[in-house]
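To keep things clear, I will list the structure first and then write my remarks on it.
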Amino acid sequence: MNLNFETLRKSMVQEQICRRGITDERVLDAFSDVERHEFVPAELETSAYEDCPLPIGSGQTISQPFMVALMSELLGLKGYERVLEIGTGSGYQTAILAHLAKEVYSIERIPKLALAAKERLNERGYCNVWVETGDGTEGLNVYSPYDAIIVTAAAPDVPASLLSQLKPGGKMVIPVGGRQSQMLTIYEKKESGVSTRDVCACVFVPLLGREGWKVNNE
Ligand code: SAM
């Protein structure tokens, strides 16, 4: 099938992202630039710009484009930030963040996915992203503190290690709740403490690890 991916991408930005209220021009530009079809398995390339999550192997998913856009916009990135991402998956959200921030550190617990994402991002010339394999619930203390943290898997509660690695004034966006459904939540570190705001209901794969869901519950 001879699909014009650029046309599909433009339509995704217009119909799924702009139309649902995403207005940050930098986010919209990043979505126009990053070739989502390069981040999905070859056999799903033709579905890459559809309004849904897609399987990426190892029982994991690349999130729905709108959810990636919403989480990116909520971080309010200007371009100078150091960002920590938990749950690299395909590396698509990582690539979007690389357009929006100065440095992106991303952790994936499944070695096969981490390696594939690292190679994909390297091949596409992203030189401001670092992908690590490990338990992201513990964060990545060595490069902390972070201006922003994004968690792309569902946590039973916000991991204390991640909150401690957030800069004063920093924001974290994370789905928090049960195994079946969660609330997308923003945590903001202020001088007076940590504020939280509920954004919308959502459904993510579980965040598994020491400060997430226990692995033997799978
Ligand atoms: N943002 C990704 C993308 O654009 O493809 C999709 C992420 S997928 C919804 C969630 C990912 O979180 C999965 O790849 C899963 O293996 C990973 N994950 C779950 N628990 C984790 C943990 N403790 N540390 C790091 N990654 C974790």
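The values are calculated or read from the model by the stated rules, or taken from the named source; none is laboratory data. No experiment lies behind these values; they were computed from the predicted model shown. These accessible areas exclude ligands, DNA and RNA; they are computed on the full protein's heavy atoms, side chains included. Shrake-Rupley method; radii C 1.70, N 1.55, O 1.52, S 1.80 Å.
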(request) Pick out which of GLN14, GLN93, GLN165 has the largest mean-square fluctuation in a Gaussian network model of the chain, springs linking Cα atoms closer than 10 Å. (result) GLN14
(message) I'd like the Karplus ³J(HN,Hα) series for the stretch 87-100: coefficients 6.51, -1.76, 1.60, θ = phi - 60°, whole numbers in Hz, and an x wherever there's a Gly or Pro.
(response) x, 5, x, 6, x, 5, 4, 4, 5, 4, 5, 4, 6, 9
(message) With bins 10 Å wide starting at 0, give me the P(r) of the stretch 53-217 over every alpha carbon pair, in whole percents.
(response) 11, 44, 38, 7, 0
(request) For HIS37, HIS99, write out the residues from largest to smallest accessible area, computed with a 1.4 angstrom probe and no ligands counted. (result) HIS99, HIS37
(request) At 1.4 Å probe size, with no ligands or nucleic acids counted, give the accessible surface of THR23 in Å², nearest ten. (result) 100
(request) Would you tell me the accessible area of TYR143, worked out with a 1.4 angstrom probe on the heavy atoms of the protein chains, in Å² to the nearest 10? (result) 80
(request) Select from GLU123, GLU191, GLU108 the residue whose mean-square fluctuation is largest in a Gaussian network model of the chain (Cα-Cα springs shorter than 10 Å). (result) GLU191
(request) Could you go through the stretch 40-57 in sequence order and give the Karplus-derived ³J(HN,Hα) for each residue, using 6.51 cos²θ - 1.76 cosθ + 1.60 with θ = phi - 60°, rounded to whole Hz, and x for Gly and Pro? (result) 10, x, 3, 6, 10, 3, 6, 9, 4, 9, 7, 7, 7, x, 9, x, 10, x
(message) For the stretch 130-218, report the % of Cα-Cα distances exceeding 19 Å.
(response) 37
(request) For the chain, find the longest principal axis of its Cα atoms and tell me its angle to the long axis of helix 111-123, 0 to 90°, nearest 10. (result) 60
